[in-house]
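Undergrad: Below you will find the structure I want to go over with you.
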Amino acid sequence: SSEVETPGVLAGRHILVTAGPTHEPIDPVRYIANRSSGKQGYAIAEALAKLGARVTLVSGPTGLPAPAGVNRVDVETARQMAAAVDAALPADVAVMVAAVADWRVDTNADQKIKKDGTGAPPALSLVENPDILAGLGASDKRPRLLIGFAAETEKVVDHAVAKRERKGSDWIVANDVSGDVMGGDTNTIHIVTRDGVESWERLPKADVARRLAARIADELV
Ligand code: CTP
Ligand code: CA
């Protein structure tokens with residue numbers, strides 16, 4: 001069944017995975033980031049490679065070692081991630097696990113911003129980053145199976161259902177990050193597809209990854 005690992009079942013497939021946070025510079029020494037550890041995305045990349053897929057892992061800064069058998073492309077910002085994703089296409093499947101920063105500072109200073117002595121803080125003006133998943137969903141290079149992730153702190157499934165439609169993805173894998181999930185080693189997920197919702201029990205991230213890789217392989221048959 002879908003939970004048995006069959007080596008080679010994804011041989012010949014190219015799968016793109018994004019993972020980690022992005023860092024959006026404020027000046028040469030400061031940035032905006034988030035608590036994503038990259039662990040779930042890295043585990044998924046590794047599990048897909050173990051099933052024989054050629055995996056491109058576009059990763060924000062995580063400090064994690066590249067999983068065995070995976071081609072990692074390192075980026076820092078959302079815009080670099082968007083460019084690396086585009087350069088990696090075509091792909092049969094894309095699994096967009098990265099916690100892409102929603103906003104960047106509109107003009108990143110080329111010198112360190114100094115306190116001006118008055119006690120008045122600098123005003124940072126933010127602009128929205130490109131939505132990489134939605135861009136892929138609308139692209140003529142859209143992968144056959146497009147999977148987004150959604151980290152939510154409330155109304156997890158409702159938000160995921162809406163997000164699936166808005167982004168043009170086939171699945172949204174929703175996880176509740178209201179506990180200590182970010183940086184932790186377990187995950188409780190709901191897979192929202194066009195047909196409904198599959199809810200999995202709380203599992204180690206490596207087990208989530210293996211089951212998801214098997215589920216992806218089933219979908220491509
Ligand atoms: N995503 C992306 N590019 C962005 C923002 C998000 O590719 N600029 C992807 C994420 O990798 C994830 C999915 O979109 O697969 C959902 O991300 P999420 O942050 O939950 O969605 P947002 O549309 O940014 O909505 P929210 O306001 O809830 O953050
Ligand atoms: Ca977001």
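Undergrad: If the Cβ limit is 7 Å and pairs must be 6+ apart or interchain, which residue in region 58-84 that is touching a residue at least 60 places away in the same chain (Cβ under 8 Å) pairs with which residue that is buried (at least 16 other Cβ atoms within 10 Å of the Cβ) and in a loop (DSSP other than H, G, I, E, B)?
TA: Hits for this filter: M81/T22; M81/G60; M81/V75; M81/A98; M81/V100.
Undergrad: When you scan region 20-35, how many residues do you find that are exposed (fewer than 15 other Cβ atoms within 10 Å of the Cβ) and either of a type in the set (V, I, T) or within 17 Å of L57 (Cα to Cα) (or both)?
TA: Of the residues in that region, 1 qualify.
Undergrad: When both residues are 6+ apart or on different chains and their Cβ atoms are under 9 Å apart, which pairs have a first residue that lies in region 12-34 and is without any contact (Cβ under 8 Å) to a residue 60 or more places away in the chain and farther than 17 Å from V95 by Cβ, and a second that is assigned to a strand (DSSP E or B) and among the small types (G, A, S)?
TA: Correct list of pairs: empty, since none qualify.
Undergrad: Hey, another quick one. Taking only region 104-143 into account, find how many residues are part of a loop (DSSP other than H, G, I, E, B) and hydrophobic (A, V, I, L, M, F, W, C).
TA: 6
Undergrad: Within region 92-112, track down each residue that is of a type in the set (V, I, T) and either near ligand 1 (Cβ under 10 Å from one of its atoms) or within 11 Å of the chain's Cα centre (by Cα) (or both).
TA: V95, V97, V100
Undergrad: Okay, moving on. Would you confirm whether or not region 97-109 contains a residue that is out of contact with any Ser or Thr (no Cβ under 9 Å at 6 or more places or on another chain) and buried (at least 22 other Cβ atoms within 10 Å of the Cβ)?
TA: no
Undergrad: Determine whether V17 is assigned to a loop (DSSP other than H, G, I, E, B), of a type in the set (A, V, I, L, M, F, W, C) and buried (at least 18 other Cβ atoms within 10 Å of the Cβ).
TA: When the stated conditions are applied, V17 does not pass them.
Let's see how each residue does on (1) out of contact with any Leu (no Cβ under 7 Å at 6 or more places or on another chain); (2) among the charged types (D, E, K, R); (3) modelled with pLDDT of 95 or more:
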site: V157; (1), (2), (3): yes, no, no
site: K163; (1), (2), (3): yes, yes, yes
site: D176; (1), (2), (3): yes, yes, no
site: G179; (1), (2), (3): yes, no, no
site: G183; (1), (2), (3): yes, no, no
site: A206; (1), (2), (3): yes, no, yes
site: R211; (1), (2), (3): yes, yes, yes
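Undergrad: Looking at region 119-138, can you tell me whether even one residue there is within 15 Å of ligand 1 (Cβ to nearest atom), within 15 Å of I189 (Cβ to Cβ), among the hydrophobic types (A, V, I, L, M, F, W, C) and surrounded by 14 or more Cβ atoms within 10 Å (Cβ to Cβ)? Quick ask: steps written out before the conclusion?
TA: So in region 119-138, the residues within 15 Å of ligand 1 (Cβ to nearest atom) come out as 126-138.
Then drop every residue that is not within 15 Å of I189 (Cβ to Cβ), which leaves none.
Looking through region 119-138, none of the residues is within 15 Å of ligand 1 (Cβ to nearest atom), within 15 Å of I189 (Cβ to Cβ), among the hydrophobic types (A, V, I, L, M, F, W, C) and surrounded by 14 or more Cβ atoms within 10 Å (Cβ to Cβ).
Undergrad: Next question. Going by the conditions given, is E46 farther than 25 Å from A134 by Cβ and out of contact with any Gly (no Cβ under 6 Å at 6 or more places or on another chain)?
TA: Here the answer is yes, as E46 does meet what is asked.
The values are calculated or read from the model by the stated rules, or taken from the named source; none is laboratory data. Just so you know, these numbers come straight off a predicted model, no measurement behind them. So basically every Cβ, Gly included, is an ideal-geometry build from the backbone, and we count neighbours across all protein chains shown.
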